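The values are calculated or read from the model by the stated rules, or taken from the named source; none is laboratory data. Since we're looking at a predicted model, the values are computed, not measured. Backbone-built Cβ (ideal geometry, glycine too); neighbour counts: all protein chains shown. When the accessible area is computed, the model is the full protein with side chains, heavy atoms only, and any ligands, DNA or RNA have been set aside. Shrake-Rupley method; radii C 1.70, N 1.55, O 1.52, S 1.80 Å.
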Amino acid sequence: NIYLSADDAVLIDDSHCSSLRAYITYSTCTNMKNRTTPIDDANGKKEVSNKDLKGDRRSTRTKNTKIVYIFMSTIVIHFINVHLLSNSKKHPSSVVPAASYEHERGYNLAKEQSFGFFDDINDANWKHYQTILAGVEDHEDPNDPHPYDDDTWQHYFLWYQSSYEPNFSCAHEQRVGGNGNGDGPKWVCDPRRIPRVSKERKVRNPSHPGCVVYSIGSDGDFSFELGMQQKVGVGTCEYHIFDMGDYEKEMPKELKNGHYHKWGIKAQEENAGDGPPKPGQRKYGLKDTIKMLGHDKLDSIDVFKIDCEGCEWKSFDSWLDPALPDLMQILVELHKPPKEIATKFFDTLQAAGYVRFHKEVNTIAPHAGAVEYSFLKLAKDFFPKSKLSVRDYFPEETEVDDKDRS
């Protein structure tokens, strides 16, 4: 049996009749729907149809539903507060004071320690980045970063696999160049941020180029520069391409603000860079190069991409000269790592404030022992002090092979 009150019967409509068909006949339901209800009136009795009453009935029920909802919500909130208060007594450290929480929601820490690059990461998340980096070991065996004998060391990927994994996650990193596949593209940390940084520099100094990209070792391939232009917009950056090959005529016309320089990069000679560099050389140190291009007054170079077939092991110290503009992102293809210099390379960059946000083995040419690394410049106070030391495991310098191409 199904029992319907007078109110229920009044509110029955066609949809309800269909739903109730399993319990009562459709005709019975329809009769209930169409029934009339006598109501006293000042002028006597009159009959009012179900349709006339439906609106008033539903309005009353809506009000009652709202009252019940408010009452139940109040009870739920009360129990939540009681639970939080009880939990705070058991675990006082788990409750963050409102003032502290507001401080954690600030964005100044990331912006300051990234030199303005990250302006939308709150302090709490940025501190989590710091915690993650502090817990990353640089070697599989921290007590022995060179676990292989000389013969085994020639299998370079063994060492790369057991050392210096990324210690920082860059959201929205992109593999720039071509369509992102193949040999040639490089991992860039969130290139969409570069236009904003460029505009801010130009506001402070209208004569500033805004964004500067150095691309060393192009070998006639300009896909990276075109890819960067596509990511950041035409006219945002100057692109300076360096190679000892004669590829200037091959530079695509659609690359705006592109400048080709027919020389390679070498280690900066001592006591050089003070006077004007000698023209016509096949290679220059980075300090000489920056001076020749009039960039010695810049505070930074946004992207420093280098693939020079081994020159990185001899020249990396000069990349970090404090008298030079900061290289905000270093995208480097490392080749066969010299045992005497490999750890010094990574530790020196880290001590200068660089985090590793990407690592990629080049499997196209395994004979070259090549691994791509991407580094991002941050302030040194982002790092724990233990990460800012450089240990020289091989005090005596060893000559490093350097192919005549960069």
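Here are some notes:
- Tallying residues that are more than 20 Å from the chain's Cα centre (by Cα) and either more than 20 Å from Leu349 (Cβ to Cβ) or in a helix (DSSP H, G or I) (or both) within the range 156-189 yields 10.
- Of all residues in the range 318-373 being aromatic (Phe, Trp, Tyr) and part of a strand (DSSP E or B), the one that is nearest to the chain's Cα centre (by Cα): Phe357
- Output for the range 153-180, where each listed residue is free of Cβ contacts under 8 Å to residues at least 12 places away in the same chain and within 14 Å of Lys339 (Cβ to Cβ): Gln154, His155, Leu158
- Check on Thr131, over 30 Å from Val232 (Cβ atoms), under 17 Å from the mean Cα position of the chain (by Cα) and open to solvent by 40 Å² or more (accessible area, probe 1.4 Å): yes
- Just one of the listed residues (Arg196, Arg192) is touching a Lys or Arg at 6+ places or on another chain (Cβ under 9 Å), in a helix (DSSP H, G or I) and surrounded by fewer than 19 Cβ atoms within 10 Å (Cβ to Cβ), and it is Arg192.
- The selection criterion, being open to solvent by 50 Å² or more (accessible area, probe 1.4 Å) and over 24 Å from Gln230 (Cα atoms), does not hold for Lys339.
- Val82, sole failed condition from (1) surrounded by fewer than 16 Cβ atoms within 10 Å (Cβ to Cβ); (2) at pLDDT below 90; (3) not in a helix (DSSP H, G or I): (3)
- Subset tally (residues that are surrounded by fewer than 16 Cβ atoms within 10 Å (Cβ to Cβ) and in contact (Cβ under 8 Å) with a residue 12 or more places away in the chain) for the range 142-152: 2
- Pairs, first over 16 Å from Lys291 (Cβ atoms) in the range 247-272, second open to solvent by 100 Å² or more (accessible area, probe 1.4 Å) and assigned to a loop (DSSP other than H, G, I, E, B), C-beta under 6 Å, six or more apart: Lys256/Val234
- Top-ranked residue of the range 364-384 - restricted to ones that are open to solvent by 30 Å² or more (accessible area, probe 1.4 Å) and at pLDDT below 95, ranked as nearest to Gln161 (Cα to Cα): Pro366
- Test for Lys202: is it open to solvent by 20 Å² or more (accessible area, probe 1.4 Å) and over 27 Å from Arg356 (Cα atoms): yes
- Pick from the range 294-313, criterion assigned to a loop (DSSP other than H, G, I, E, B) and closer than 12 Å to Leu324 by Cβ, ranking: nearest to the chain's Cα centre (by Cα): Asp299
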